[in-house]
1. Dipole of segment 64-144, Cα-centred, from +1 at each Lys and Arg C-beta and -1 at each Asp and Glu C-beta, to the nearest 20 debye?
2. Across bins of 5 angstrom width beginning at 0, how are the C-alpha pair distances of the chain distributed, in whole percent?
3. Averaged per residue, what accessible area in Å² does segment 55-154 show with a 1.4 Å probe, protein chains only?
4. Under the definition of Cα pairs under 8 Å and six or more residues apart, what whole-number percent is the relative contact order of the chain?
5. In degrees from 0 to 90, rounded to the nearest 10, what is the angle of the helix 54-67 Cα long axis to the longest principal axis of the chain?
6. Amide H to amide H, which residues 5 or more places from F70 or on other chains are under 5 Å from it, using H placed in the peptide plane?
7. Need the full-extension length gain, N163 to S147, defined as separation in residues times 0.36 nm minus the C-alpha distance. One decimal, nm.
8. Picking from T17, N103, N145, whose Cα lies most toward the positive end of the charge dipole for the chain (charges on Cβ: Lys, Arg +1; Asp, Glu -1)?
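The values are calculated or read from the model by the stated rules, or taken from the named source; none is laboratory data. For clarity, every value in this text was computed on a predicted model and none was experimentally measured. All Cβ positions, even for glycine, are placed from backbone atoms using ideal geometry, and neighbour counts span all protein chains on display. In case anyone asks, the SASA skips ligands and DNA or RNA and just uses the protein heavy atoms, side chains included. Shrake-Rupley method; radii C 1.70, N 1.55, O 1.52, S 1.80 Å.
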Amino acid sequence: TGAAAAAPTVEVTMQVTEGKQYFVNRIFFTGNSTTRDNVIRREMRLVEGGVFNTESLKYSVRRLNQLGYFKTINEQDQQAMKVDKTAGRDNAVDVTLKLEEQNRNQLTFGAGVSQYEGVFGQLAFQTANFLGRGESLTTSMQVGNRSQNYQLAFTEPFLFDRNITG
């Protein structure tokens with residue numbers, strides 16, 4: 001009873017076989033009637049001719065969902081996210097994403113009375129996907145008895161085709 005007991009050990013052997021590597025042949029988008037193809041492609045982390053990676057595809061779908069231009073794409077939906085083997089090529093796949101655009105325009109109006117302004121009115125329009133280019137445009141005006149405010153704002157999220165907002 002004075003002797004120390006030996007710690008039990010287990011020997012594990014794992015055999016891993018790497019599967020066949022596939023390349024992306026074409027990436028197709030359906031349902032984007034307003035949003036331009038390049039706006040969608042710049043959010044993709046898969047590229048045509050590159051190695052197909054399931055995690056990159058899921059990450060790309062998350063980035064597209066964060067844009068807010070489309071109804072949410074479910075990563076589990078086989079119809080919204082299709083990966084098919086390319087006919088005539090044994091190591092290539094075609095990726096098809098089914099998108100459904102949603103309205104990104106907002107119109108606001110109002111009126112009021114204040115001691116300083118007197119009677120005033122306000123009108124504003126905002127779009128988050130101006131002409132399908134992914135740009136934002138806001139225009140607003142407020143007119144009262146004592147002052148008038150006008151505002152025009154334009155935001156380019158990929159200035160010079162780089163991830164720089166201007």
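1. Computed charge dipole of segment 64-144: roughly 80 debye.
2. For the chain, the binned pair fractions read 1, 7, 12, 13, 11, 10, 8, 7, 6, 5, 4, 4, 3, 3, 2, 1, 1, 1, 0, 0 percent.
3. 65
4. About 17 percent, as a whole number.
5. 10
6. Excluding prolines and chain starts, which carry no amide H, the hits are Q102.
7. That pair, N163 and S147, stretches by 1.9 nm at full extension.
8. Going by the Cα projections, it comes out as N145.
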